[in-house]
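Colleague: Quick one: structure below, then a few questions.
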Amino acid sequence: MIICGVELTANDAVICLLKLDSQQFHIPDCRVRKLSLQKNHSRENLKHFQASFAKLMTDYGVEKVVIRERAVKGKFAGGAVSFKLESAIQLIADLEVELLSTMIIKNAQTDNPLPVPFADTGLKGFQEAAFNVAYAAQVLR
């Protein structure tokens, strides 16, 4: 099963694809590392973001998208635009989308430590949170 981990930051959806096959993890190559919403946040731009995300998931055969949950209030609250992005992703037809809290992600990594250091995955540093979400979703299923 291919899972797409998503970390929403500002106008971007940072993604990481992760596949578990015969108890081995694989990080499939992906043509993009993040999808961005244009600055003016118009309805057309939001629809374009949604269509681009849906096309990417279809092209790579992603069966499930897992988004790292953001706080609604407080010091580490997510921004309004990131909640728009989350909604756009959740409303994609025929795509299973789940939210995972930071606590669940950390507990999953504690119970199932990463088999290799993140630096050895070949991913960019800004993709680490998305990778952690995808990894937690894989070990929890």
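Colleague: Please identify the pairs in which a residue from segment 112-141 that is touching a residue at least 24 places away in the same chain (Cβ under 8 Å) has its Cβ atom under 7 Å from the Cβ atom of a residue that is surrounded by fewer than 13 Cβ atoms within 10 Å (Cβ to Cβ) and part of a loop (DSSP other than H, G, I, E, B), counting only partners at least 6 apart or on another chain.
Modeller: none
Colleague: Being outside any helix (DSSP H, G or I), among the hydrophobic types (A, V, I, L, M, F, W, C), surrounded by 17 or more Cβ atoms within 10 Å (Cβ to Cβ) and touching a residue at least 12 places away in the same chain (Cβ under 8 Å) is true for just one of ILE105, ILE67. Which residue is that?
Modeller: From the options ILE105, ILE67, the qualifying one is ILE67.
Colleague: Now for a separate question. From the list VAL14, VAL6, exactly one residue is buried (at least 17 other Cβ atoms within 10 Å of the Cβ), in contact with a Lys or Arg (Cβ under 6 Å, 6 or more places away or on another chain) and within 19 Å of GLY125 (Cβ to Cβ). Which is it?
Modeller: The unique qualifying residue is VAL14.
Colleague: Out of curiosity, is ALA93 loosely packed, with under 11 Cβ neighbours inside 10 Å, of a type in the set (A, V, I, L, M) and not in a helix (DSSP H, G or I)?
Modeller: Considered against the rule, which asks whether it is loosely packed, with under 11 Cβ neighbours inside 10 Å, of a type in the set (A, V, I, L, M) and not in a helix (DSSP H, G or I), ALA93 comes out as yes.
Colleague: Taking the condition surrounded by fewer than 18 Cβ atoms within 10 Å (Cβ to Cβ) and in contact with a Leu (Cβ under 8 Å, 6 or more places away or on another chain), does VAL32 pass?
Modeller: yes
Colleague: Are there any pairs, at least 6 apart or on different chains, whose C-beta atoms fall under 7 Å, with the first in segment 27-42 and polar (S, T, N, Q) and the second not in a loop (DSSP other than H, G, I, E, B), and if so, which?
Modeller: Within 7 Å, the pairs are SER36/ASP12; GLN38/ASN45.
Colleague: Which of the numbered conditions does PRO115 fail, given that it passes all the others? Conditions: (1) of a type outside the set (A, V, I, L, M); (2) farther than 24 Å from ASP29 by Cβ; (3) modelled with pLDDT under 90.
Modeller: So the condition that PRO115 fails would be (2).
Colleague: Go through ARG43, ARG33 for me and flag whichever is touching a strand residue (DSSP E or B) at 6+ places or on another chain (Cβ under 8 Å) and basic (Lys, Arg).
Modeller: ARG33
The values are calculated or read from the model by the stated rules, or taken from the named source; none is laboratory data. Since we're looking at a predicted model, the values are computed, not measured. Cβ atoms come from the backbone with ideal geometry, glycine included; neighbour counts cover every protein chain shown.
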